[in-house]
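First the structure, in the form of structure tokens, and then the observations on it.
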Amino acid sequence: MMNLTMMLNRFHTNPLILILLLILISQVNGSIHDYSNEAFTHRSNAFFFHGGSEALFASSSSSSHSSSSLKGNSFIRFETVTFVRPKDSAAKHGVMQQNTGLVEAIILEVKDRERIGGSYLKSDLICCDPELQNDHKCENVGEVIIQNNPDNPELPKRIKTFFQGTKEEVIMETQTVQINTTGMYYLYFMFCDPELKGTTIKGRTVWRNTNGYLPGKMAPLMTFYGFMSLAYLLLGLVWFLRFVQFWKDIIHLHYHITAVIALGMCEMAVWYFEYANFNSTGTRPMGITLWAVTFSSVKKTLSRLLLLVVSMGFGVVRPTLGGITSRVLLLGLVYFIASEALELVEHLGNINDFSGKTKLVLVLPVVCLDSCFILWIFSSLSKTLEKLQTRRNLAKLELYRKFTNTLAVSVLLSIAWIGFELYFNATDPLSELWQIAWIIPAFWSLLAYALLLVICVLWAPSRNPTRYAYLEETDDFDEEGISLTSGVAKMSGDVATKLERKERKGSSAIDLALEEDIEEDKRE
């Protein structure tokens with residue numbers, strides 16, 4: 001509670017921190033940021049527009065060379081950035097008048113956020129006013145207050161663009177700013193003149209990292225997806241060899257497992273190529289991203305359905321799902337639609353276009369459906385274990401106990417990881433820990449792979465499929481139960497009677513007649 005109070009006090013004393021938090025939901029996951037007649041937002045005594053924020057690595061060369069083709073360098077390039085002010089504002093000046101309006105582009109590293117505005121002056125103002133100038137606390141009235149970092153005098157960096165005469169438009173000079181320090185960078189376009197209220201911005205900026213256009217926060221994921229593609233390929237190869245080796249003993253469940261492995265392999269490969277394309281072009285290719293999102297949603301859906309049908313004992317305790325098949329398929333269809341919608345918003349649409357409430361509306365159905373899957377899976381597992389225990393099918397019972405323990409551990413890990421994710425996002429709202437943020441989405445892919453691997457080990461094709469395959473059973477009697485208990489010679493009365501009847505059927509008519517005579521003699 002104390003930390004929250006201190007944080008709110010800091011937000012009150014430094015409006016720029018509040019601005020940073022307000023624009024977090026409008027970050028665009030792309031290295032080429034396009035602006036299309038975007039409006040400026042009023043805050044304190046300034047107007048600002050968030051031009052982008054990305055994690056950038058330090059250039060390998062300390063040269064100030066501005067060529068965008070210089071390999072190994074990180075930079076932010078301004079291309080055709082144009083500011084358009086209202087006609088009324090332009091008409092207030094003379095044709096021959098110079099510098100009739102100022103718009104500033106400010107590049108800062110997130111750790112220098114308190115150096116923008118008057119926070120270090122104990123003021124909530126962002127722009128310099130006459131009173132602060134008279135106190136020698138800022139230099140020029142009408143400009144954003146900036147205190148340069150003594151360790152890195154180049155940051156925060158200010159680039160000025162002036163309107164001239166009565167012109168309504170001004171094009172920012174095309175230039176490239178090289179990044180020489182690794183960090184999370186923010187770009188703002190700001191102006192202090194109230195007469196420029198209503199000004200809009202269009203054009204684009206290009207952000208590039210040392211090894212390509214992929215943002216630093218996403219760069220490790222490309223390597224991760226590459227390794228996961230190889231992991232799925234290896235799993236698929238081993239599973240295929242077992243599948244071919246024991247193809248005569250294959251059950252329906254093995255085909256479901258094969259489909260999930262194939263989809264996982266395609267999902268990881270498509271995501272890798274999507275990131276590689278993004279890294280080389282600077283934009284997310286809609287076609288490849290759409291395929292990646294669809295593969296991901298289909299694989300998530302089939303993985304959950306696989307866990308559900310295995311928990312129900314499909315192919316092991318029961319030959320079919322019976323009347324609940326339609327309900328299982330309906331749940332899978334609804335989950336696919338909800339997951340696809342959420343993935344499309346996160347990867348295809350600009351986060352700019354969706355408010356936090358809209359994203360929350362898409363997240364909630366997925367969370368609720370995941371909860372339904374978990375409850376149904378454990379409820380089905382409980383019934384399956386009870387049925388196997390009643391039938392004294394010890395081999396299958398042990399198999400399902402191992403599966404249940406694995407599933408329970410995965411659920412506990414998921415809950416713990418969700419708690420860590422919430423804590424991580426709450427304590428790092430400005431992405432200062434961006435270098436380790438990639439482990440959050442990577443964990444879920446690793447967990448899904450681990451669960452699939454466990455299922456492949458437990459239900460691997462073999463020459464003895466009866467240990468997990470469904471066998472026709474009559475009178476709730478299990479032959480395996482007999483074999484496991486016959487050595488002890490403690491059979492139930494019903495079992496002994498059935499065996500005695502079988503022996504009698506195999507005896508000759510003479511033996512039976514003699515037996516009856518002996519019984520009659522005894523009675524007499």
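The values are calculated or read from the model by the stated rules, or taken from the named source; none is laboratory data. On a predicted model such as this, the values are computed, not experimentally measured, just so you know. In this analysis, Cβ positions are derived from the backbone assuming ideal geometry, glycine residues included, and neighbour counts consider all displayed protein chains. Side chains included, ligands, DNA and RNA excluded: accessible areas come from the protein's heavy atoms. Shrake-Rupley method; radii C 1.70, N 1.55, O 1.52, S 1.80 Å.
The set of residues from region 425-444 being open to solvent by less than 20 Å² (accessible area, probe 1.4 Å) and either acidic (Asp, Glu) or at negative phi (or both) comprises 428, 430, 434, 437, 440, 442. For the structure I just gave you, tell me whether residue 283 is over 16 Å from the mean Cα position of the chain (by Cα), at pLDDT 85 or above and β-branched (Val, Ile, Thr). Criteria not met by residue 283. Among the numbered conditions (1) over 30 Å from residue 453 (Cβ atoms); (2) of a type outside the set (A, V, I, L, M, F, W, C); (3) open to solvent by 30 Å² or more (accessible area, probe 1.4 Å), tell me where residue 242 comes up short. That leaves (1) as the condition not met.
Being assigned to a loop (DSSP other than H, G, I, E, B) and in contact (Cβ under 8 Å) with a residue 60 or more places away in the chain holds for only one residue in 137, 217, and it is 217.
Across region 371-400, the number of residues qualifying as touching a residue at least 40 places away in the same chain (Cβ under 8 Å) and over 13 Å from residue 310 (Cα atoms) comes to 9. If you go through region 219-238 and pick out every residue that is under 26 Å from residue 77 (Cα atoms) and open to solvent by less than 20 Å² (accessible area, probe 1.4 Å), you end up with 1. Scan region 158-177 for residues that are open to solvent by 30 Å² or more (accessible area, probe 1.4 Å) and part of a strand (DSSP E or B) and jot them down. Those that are open to solvent by 30 Å² or more (accessible area, probe 1.4 Å) and part of a strand (DSSP E or B): 158, 160, 162, 169, 171, 175, 176. The single condition among (1) more than 29 Å from residue 88 (Cβ to Cβ); (2) assigned to a strand (DSSP E or B) that residue 155 does not satisfy is (2).
Among all residue pairs at least 6 apart or on different chains, which show Cβ distances below 6 Å where the first residue, located in region 185-213, is in a strand (DSSP E or B) and open to solvent by 40 Å² or more (accessible area, probe 1.4 Å) and the second is at pLDDT 95 or above and not aliphatic (A, V, I, L, M)? Pairs found: 202/82. Out of all the residues in region 262-271, is one or more surrounded by 20 or more Cβ atoms within 10 Å (Cβ to Cβ), within 23 Å of residue 445 (Cβ to Cβ) and among the β-branched types (Val, Ile, Thr)? Yes, the conditions are met somewhere in region 262-271.
Scanning region 247-258 for residues that are touching a residue at least 24 places away in the same chain (Cβ under 8 Å), touching a helix residue (DSSP H, G or I) at 6+ places or on another chain (Cβ under 8 Å) and either open to solvent by 20 Å² or more (accessible area, probe 1.4 Å) or hydrophobic (A, V, I, L, M, F, W, C) (or both) yields a total of 6.
Residues of region 423-480 that are among the β-branched types (Val, Ile, Thr), at pLDDT 90 or above and within 30 Å of residue 217 (Cα to Cα): 436, 439, 440. Residues that are part of a helix (DSSP H, G or I) and in contact (Cβ under 8 Å) with a residue 12 or more places away in the chain within region 89-130 comprise 89, 90, 91, 110, 111, 112, 113, 114, 115, 119, 120, 121, listed in sequence order. Taking the residues in region 392-412 that are within 26 Å of the chain's Cα centre (by Cα) and farther than 15 Å from residue 371 by Cα as candidates, determine which candidate is most open to solvent (accessible area, probe 1.4 Å). That would be 405. With the structure loaded, tell me whether residue 231 is within 18 Å of residue 450 (Cβ to Cβ) and over 17 Å from the mean Cα position of the chain (by Cα) or whether it fails that test. Yes, satisfied. Looking at residue 431, is it under 26 Å from the mean Cα position of the chain (by Cα) and in a helix (DSSP H, G or I)? Spelling it out, it is not the case that residue 431 is under 26 Å from the mean Cα position of the chain (by Cα) and in a helix (DSSP H, G or I). Of everything in region 281-315 that is open to solvent by 40 Å² or more (accessible area, probe 1.4 Å) and aliphatic (A, V, I, L, M), the residue that is nearest to residue 452 (Cα to Cα) is 302. Restricting attention to region 421-429, does a residue exist that is of a type in the set (S, T, N, Q) and farther than 24 Å from residue 56 by Cα? No - not one qualifying residue is present in region 421-429. Restricting attention to region 112-136 and to residues that are out of contact with any Ser or Thr (no Cβ under 8 Å at 6 or more places or on another chain) and aliphatic (A, V, I, L, M), the residue that is farthest from residue 47 (Cα to Cα) turns out to be 121.
Quick grid of which residues meet (1) open to solvent by less than 30 Å² (accessible area, probe 1.4 Å); (2) at pLDDT 90 or above; (3) hydrophobic (A, V, I, L, M, F, W, C):
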{"position": "44", "(1), (2), (3)": "no, no, no"}
{"position": "47", "(1), (2), (3)": "yes, yes, yes"}
{"position": "80", "(1), (2), (3)": "no, yes, no"}
{"position": "86", "(1), (2), (3)": "no, yes, no"}
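Scanning region 283-298 for residues that are assigned to a helix (DSSP H, G or I), in contact (Cβ under 8 Å) with a residue 40 or more places away in the chain and not aliphatic (A, V, I, L, M) yields 289, 294, 296, 297.
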